[in-house]
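See below for the structure under consideration.
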Amino acid sequence: MKITMIGTGYVGLVTGACFSEFGHNVICVDKIAEKIKNLTDGIVPIYEPGLENIVSKNVLEKRLKFTTELSEAVASADAVFIAVGTPSSRRGDGYADLTYIYEAVREFAQYLEGYTVIVTKSTVPVGTARQVARLVKEVNPDADFDVASNPEFLREGAAINDFMRPDRVVIGVESDKAAQILKKIYNPLYLIETPIVKTGIETAELIKYASNAFLAVKISFINEMAAICEAVGADAIALAKAIGLDKRIGGKFLHPGPGYGGSCFPKDTLALMRIFQEHGHSARIVEAAVEVNAAQKAKMVKKIRDAIGGNEAGKTIAVLGLTFKPETDDMRDAPSTTILPALLEKGARIKAHDPQGVKEAAKYLPSEITYVEDPYIACENADAVVLLTEWNQYRALDLQKIKSTMISPIFVDLRNVYHPKQMKEIGFTYVGVGRS
Ligand code: UDX
């Protein structure tokens, strides 16, 4: 199959590279010439384990190309995937900003030749695929095409595996012809018996929002439970394990922490709330999850403050992990972006370490933060350590060494990486989330 991917952001790049790994011929188009040049040379602009290998290999084997030229890429395609950004609108009202999608469609529609399936891959509000169809007809009334929705469910840091071994693939289509092309594209997944869920277009568009909102609800639920566990002396980790063993509940996404962040949950929950409102409904459960998540970040500030004696002014805090989760350099809506400014504002000094995210972090965080290249250096002469992102390299720290270089041995573990009993035995004043 000949596939054109419009947009080489996170989703476009991973999807395009993985389709070429399936054996399809893929052309990825982006407006940023420097990015395209780098990608052609095998330089990948984001940190995603395994991606660079797949890109280099398929470029070398000529199944994957990068270009700024839409015309040729679109004319020869069996399917054009739209994977441009859909950030929250600049009005700050939760709506997804579809400017880039419509801009891309206006530009590429004129180049369509022969039958083409136009697929929305970016997360878009219900009705967007139909809007895309309307726009294409307006720009190119003779175009022979169908629209389809094929939402992505890629987790950053695990995107290649999620793509190659997904729980399911969702295809929102209205014509058999479009369905056949999409099925051919995903044929390697059929062979490993991946469920391919075929739905109408609106259903597919809503599935993505419903999945992410449900996961956000799960996280906020366990974060609320964590608070009550702390109040009554219970253990939220044991509680999550026990409820998760009920197959109807499931154990995933029940880890208490500093609140969810990233490029999807915060944006998609707000966008879903707007979709409900537009149709005269309210998404009360999702609204509550969003509120609880914002409160959770504020609670973490208080947790750190209380741990260091109620006042962070003049205290040095070592922060381990800045990105919204491990195995990514993504800082979008990372809990660090709300927690650290609040501590700085009250006069704390911050020394931070992150294995991959420092370059990105510097764009999102106040300039007073000192970045260091080693977690042990971050902890030297610190009044407290805050473990904020659970990178693997923080799971087996030499805790004796850390304790011996700190001013006071206070360890605030916002990801529950360590065990309270062991930490106390080593001599730390240890604070987790949902257990003590
Ligand atoms: C998510 C979805 O999982 C993916 O399917 C979707 O398409 C894009 O959004 P991603 O944002 O990459 O993926 O990360 P994910 O692993 O889902 O974590 C999201 C946030 O939730 C992170 O901030 C993470 O730390 C937090 N989280 C996750 C918890 O706090 N507790 C958990 O139990 C799980």
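Can you name the residue in the range 241-300 that is in a helix (DSSP H, G or I) and among the aromatic types (Phe, Trp, Tyr) and, of all such residues, is nearest to the ligand (Cβ to nearest atom)? Before you say what the answer is, go through the steps one by one.
So in the range 241-300, the residues in a helix (DSSP H, G or I) come out as 241-244, 265-278, 284-300.
In the following step, the residues that additionally are among the aromatic types (Phe, Trp, Tyr) were identified as 265, 276.
On the way: Phe265: 5, Phe276: 20 Å.
Per the criteria, the residue is Phe265.
Would you say Ala352 is at negative phi, at pLDDT 95 or above, crowded, with 23+ Cβ neighbours inside 10 Å and out of contact with any Asp or Glu (no Cβ under 9 Å at 6 or more places or on another chain)? Give the steps one after another, and end with the answer.
Working: at negative phi: yes; at pLDDT 95 or above: yes; crowded, with 23+ Cβ neighbours inside 10 Å: yes; out of contact with any Asp or Glu (no Cβ under 9 Å at 6 or more places or on another chain): yes.
So Ala352 passes the test.
Search the range 33-45 for residues that are over 15 Å from Gly16 (Cβ atoms) and pair each with any residue that is part of a loop (DSSP other than H, G, I, E, B) when their beta-carbon atoms are under 8 Å apart and the residues are at least 6 apart or on different chains.
Ala33/Thr68
Which of the residues belonging to the range 96-115 are without any contact (Cβ under 8 Å) to a residue 60 or more places away in the chain and of a type in the set (Gly, Ala, Ser)? Talk me through it step by step, then tell me what you get.
The first filter runs over the range 96-115 and keeps only residues without any contact (Cβ under 8 Å) to a residue 60 or more places away in the chain, leaving 97-99, 101-103, 105-107, 109-114.
Residues satisfying the conditions are Ala109, Gly114.
Can you pull out every residue in the range 71-97 that is buried (at least 21 other Cβ atoms within 10 Å of the Cβ) and in contact with a helix residue (DSSP H, G or I) (Cβ under 7 Å, 6 or more places away or on another chain)? Full working, then the answer.
Of the range 71-97, the ones buried (at least 21 other Cβ atoms within 10 Å of the Cβ) are 73-74, 77, 79-84, 86, 96.
Those that are buried (at least 21 other Cβ atoms within 10 Å of the Cβ) and in contact with a helix residue (DSSP H, G or I) (Cβ under 7 Å, 6 or more places away or on another chain): Val74, Ala79, Val80, Phe81, Ile82, Ala83, Val84, Thr86, Ala96.
Here is a yes/no grid of residues against (1) assigned by TED's automatic domain parsing to the domain that holds Arg274; (2) out of contact with any Phe, Trp or Tyr (no Cβ under 6 Å at 6 or more places or on another chain); (3) in contact (Cβ under 8 Å) with a residue 24 or more places away in the chain; (4) not charged (D, E, K, R):
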site: Ala75; (1), (2), (3), (4): no, no, yes, yes
site: Thr86; (1), (2), (3), (4): no, yes, yes, yes
site: Gly94; (1), (2), (3), (4): no, yes, yes, yes
site: Val117; (1), (2), (3), (4): no, yes, yes, yes
site: Gln131; (1), (2), (3), (4): no, yes, yes, yes
site: Arg134; (1), (2), (3), (4): no, yes, no, no
site: Asp144; (1), (2), (3), (4): no, no, yes, no
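Regarding Ala318, is this residue closer than 23 Å to Glu345 by Cα, buried (at least 22 other Cβ atoms within 10 Å of the Cβ) and either hydrophobic (A, V, I, L, M, F, W, C) or touching a His at 6+ places or on another chain (Cβ under 6 Å) (or both)?
yes
Could you tell me whether the range 11-19 includes any residue that is aromatic (Phe, Trp, Tyr), at pLDDT below 95 and surrounded by 19 or more Cβ atoms within 10 Å (Cβ to Cβ)?
No - not one qualifying residue is present in the range 11-19.
Among the strands (runs of 3 or more DSSP E) contained in the range 129-213, which hold 1 or more residues that are loosely packed, with under 15 Cβ neighbours inside 10 Å? Steps first, answer last, please.
Working: elements: 145-149, 169-172, 196-199.
The qualifying strands (runs of 3 or more DSSP E) are 196-199.
Looking at the range 326-346, which of the residues that are of a type in the set (A, V, I, L, M) and outside any helix (DSSP H, G or I) is nearest to the ligand (Cβ to nearest atom)?
Checked the range 326-346; the qualifying residue nearest to the ligand (Cβ to nearest atom) is Ala334.
Filter the range 1-44 down to the residues that are under 13 Å from Gly85 (Cα atoms), not aliphatic (A, V, I, L, M) and not in a helix (DSSP H, G or I) and list them by number. Working first, answer last.
We begin by selecting, within the range 1-44, every residue under 13 Å from Gly85 (Cα atoms); these are 5-13, 30-31.
Filter once more, so that each one left must be not aliphatic (A, V, I, L, M): 7-10, 12, 30-31.
The answer is Gly7, Thr8, Gly9, Asp30, Lys31.
Please tell me if Ile201 is over 20 Å from Ala79 (Cα atoms) and in contact with a Gly (Cβ under 6 Å, 6 or more places away or on another chain). First the steps, then the outcome.
Details: over 20 Å from Ala79 (Cα atoms): no; in contact with a Gly (Cβ under 6 Å, 6 or more places away or on another chain): yes.
No: the conditions fail for Ile201.
Which numbered condition in (1) outside the structural domain of Val124 (by TED's automatic domain parsing); (2) within 13 Å of the ligand (Cβ to nearest atom) is the only one that Asp235 fails?
Condition not satisfied by Asp235: (2).
In the range 82-118, what count of residues is obtained for those that are of a type outside the set (A, V, I, L, M, F, W, C), in a strand (DSSP E or B) and more than 20 Å from Asp333 (Cα to Cα)?
Total satisfying the criteria: 1.
Here are Ile219, Ile243: which of them is closer than 23 Å to Glu291 by Cβ and either among the aromatic types (Phe, Trp, Tyr) or surrounded by fewer than 20 Cβ atoms within 10 Å (Cβ to Cβ) (or both)?
None of the others qualify; the one that does is Ile243.
The values are calculated or read from the model by the stated rules, or taken from the named source; none is laboratory data. In this text the structure is predicted, and so the values were computed from the model without any measurement. Ideal geometry is used to build each Cβ from the backbone, glycine not excepted, and the neighbour counts take in all protein chains shown.
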